[in-house]
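The values are calculated or read from the model by the stated rules, or taken from the named source; none is laboratory data. Bear in mind that the values here come from a model prediction, so they are computed numbers and not experimental data. Note: ideal-geometry Cβ built from the backbone for every residue, glycine included; neighbour counts use all protein chains shown. These area figures cover heavy atoms from the full protein model, side chains too; ligands, DNA and RNA do not enter into them. Shrake-Rupley method; radii C 1.70, N 1.55, O 1.52, S 1.80 Å.
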Amino acid sequence: MDDSTDLRRARGDRTRRAVLDSAVQEASVRGLDALSFGALATSAPVNKSAIAGLFGSKEGLQLAALERAMEIYTDHVIVPARPASRGLPRLWALVLAWIEYSRSRVFRGGCFFRTVEVEFDMREGAVRDAVVEAQRSWESYVGHQVRTAADAGELDRGTDPDQVEFEINALLNAANDRSLLFGDDAVYRRAEEAVRALLVAHGADPATLR
């Protein structure tokens with residue numbers, strides 16, 4: 001492969017990333033259905049036909065945007081929590097990272113996945129399947145940390161990981177939604193306190209949840 005081919009590929013990768021970065025921000029506010037090649041051409045450094053060439057179809061663009069959103073989500077929520085030990089410390093680190101991710105508006109519309117899961121919850125097709133897969137992956141990861149914490153004695157051994165995961169995500173999602181609707185940053189503090197109280201009720205040492 002010659003240098004010119006490498007340069008073309010590098011430019012193509014940069015262009016694709018620029019388009020997707022615009023797409024995920026737009027979709028976080030207006031949903032994936034609002035994405036179009038023409039609209040993205042006005043905000044990304046590439047024309048409509050070039051965007052069509054990159055993604056092939058609207059569904060291809062939507063699926064690529066979901067993949068890019070998951071990369072961003074991982075960088076802002078999963079990666080910051082990895083230094084914490086598995087179990088309760090990592091679970092709490094995930095909660096704090098998620099709150100910061102939503103509060104800081106990594107995506108303009110708050111949590112990208114809250115927007116698209118509501119948009120596609122009653123539909124069928126590849127995009128819905130990808131949304132479901134992303135959500136299940138996150139829920140499974142949180143549930144695994146709950147299970148690990150219970151096995152280690154950091155939570156009560158009778159703790160139901162699926163129930164605790166469900167309640168944690170319900171509280172975080174409520175904070176995201178109410179912050180957007182009411183412009184109220186205080187809901188994040190309330191969510192943090194509510195998750196702390198939930199974990200303490202399941203046997204967590206309050207001193208570890210700071």
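Under the combined filter of DSSP loop state and at most 11 neighbouring Cβ atoms within 10 Å, segment 122-210 retains these GluC sites (Glu not before Pro): GLU124.
Got a number for carbon plus sulfur as a percent of segment 27-69's accessible area, 1.4 Å probe? Please list the in-between numbers first.
Numbers: 1010 of 1940 Å².
Accessible surface attributable to carbon and sulfur in segment 27-69 totals 52 percent.
What is the calculated FRET efficiency for LYS48 to ARG189, with r their C-beta to C-beta distance and R₀ = 35 Å, to the nearest 0.05? List each step's numbers first, then the result.
Working: r = 44 Å, r/R0 = 1.27.
The value I calculate is 0.20.
Largest mean-square fluctuation among PRO45, PRO80, PRO161, in a Gaussian network model of the chain whose springs join Cα atoms under 10 Å apart, belongs to PRO45. Spin-label model, ARG136/ASP177: points 7 Å from Cα along the beta carbon direction are separated by 2.3 nm. Sequentially through segment 38-49, phi angles give Karplus couplings (6.51, -1.76, 1.60; θ = phi - 60°) of x, 5, 5, 5, 7, 10, 10, x, 7, 8, 4, 5 Hz, Gly and Pro residues having no value and appearing as x. What is the log10 of I(q)/I(0) for the chain, computed with the Debye formula using one identical point scatterer on each Cα and no solvent, at q = 0.13 Å⁻¹? Reported log10 I(q)/I(0), two decimals: -0.78.
Normalised Debye scattering of segment 119-208 at q = 0.14, 0.16 Å⁻¹ gives log10 I(q)/I(0) of -0.62, -0.76, counting only Cα atoms as equal scatterers and leaving out solvent.
Which FRET efficiency, nearest 0.05, do ARG105 and ALA170 yield, Cβ-Cβ r, R0 22 Å?
Numbers: r = 21 Å, r/R0 = 0.96.
Step by step, r from the Cβ atoms, then E = 0.55.
Taking the Cα centre of the chain as reference, the dipole from Cβ charges on Lys and Arg (+1) and Asp and Glu (-1) amounts to some 640 debye. Over the chain, dividing the summed -39,500 (n - 2.57) contributions of all DSSP H runs of at least 4 residues by the number of residues returns a 222 nm mean residue ellipticity of -23000 deg cm²/dmol.
Find the accessible area per residue for segment 37-89; the probe is 1.4 Å, ligands and nucleic acids are left out, and the unit is Å².
Numbers: 2660 Å² over 53 residues.
Ligands and nucleic acids excluded, the figure is 50 Å² per residue.
Extending 7 Å from Cα along the Cβ direction at ARG14 and again at ARG30 yields two label points whose distance is 2.7 nm. Computed from Cα atoms, the angle from the helix 126-151 axis to the main principal axis of the chain rounds to 30 degrees.
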